[in-house]
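Structure record follows, encoded as structure tokens.
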Amino acid sequence: MNRFFLNFLSCPVCQGQLLLYKREFLICHKEQLVYPICSKIPILLKSEAINILEK
């Protein structure tokens, strides 16, 4: 995933900032959600997100 595009993305739940983690995930710390990146495409669906607190 290109870091340039990260500036234009936000969490679909709270519209907060997303942080890139190991080029495989986007993390929203406010909502405690992790969104996967598949084939360089972020999957910004709440149904696909992983809750950090559940692990």
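Brief remarks on what is shown
- The range 1-29 residues that are closer than 20 Å to L53 by Cβ, paired with ones that are modelled with pLDDT of 95 or more and among the hydroxyl-bearing types (S, T, Y) (beta carbon under 6 Å, 6 or more apart): L26/Y35
Residue-wise test of (1) on the phi < 0 side of the Ramachandran plot; (2) more than 9 Å from the chain's Cα centre (by Cα); (3) β-branched (V, I, T).
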{"position": "F25", "(1), (2), (3)": "yes, no, no"}
{"position": "I41", "(1), (2), (3)": "yes, yes, yes"}
{"position": "K46", "(1), (2), (3)": "yes, yes, no"}
{"position": "L53", "(1), (2), (3)": "yes, yes, no"}
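- Of residues in the range 13-38 being assigned to a loop (DSSP other than H, G, I, E, B) and in contact with a Leu (Cβ under 6 Å, 6 or more places away or on another chain), the one farthest from R3 (Cα to Cα): Q32
- Within the range 1-42, being surrounded by fewer than 13 Cβ atoms within 10 Å (Cβ to Cβ), of a type in the set (A, V, I, L, M) and touching a strand residue (DSSP E or B) at 6+ places or on another chain (Cβ under 9 Å) holds for one residue alone: L19.
- From the list I41, I27, I52, the lone residue that is out of contact with any Asp or Glu (no Cβ under 8 Å at 6 or more places or on another chain), modelled with pLDDT of 95 or more and not hydroxyl-bearing (S, T, Y) is I27.
- The residues of the range 1-14 that are over 10 Å from the mean Cα position of the chain (by Cα), at pLDDT 95 or above and of a type outside the set (V, I, T) amount to a single one, C14.
The values are calculated or read from the model by the stated rules, or taken from the named source; none is laboratory data. Remember, predicted model here, so these are calculated numbers, not experimental data. So basically every Cβ, Gly included, is an ideal-geometry build from the backbone, and we count neighbours across all protein chains shown.
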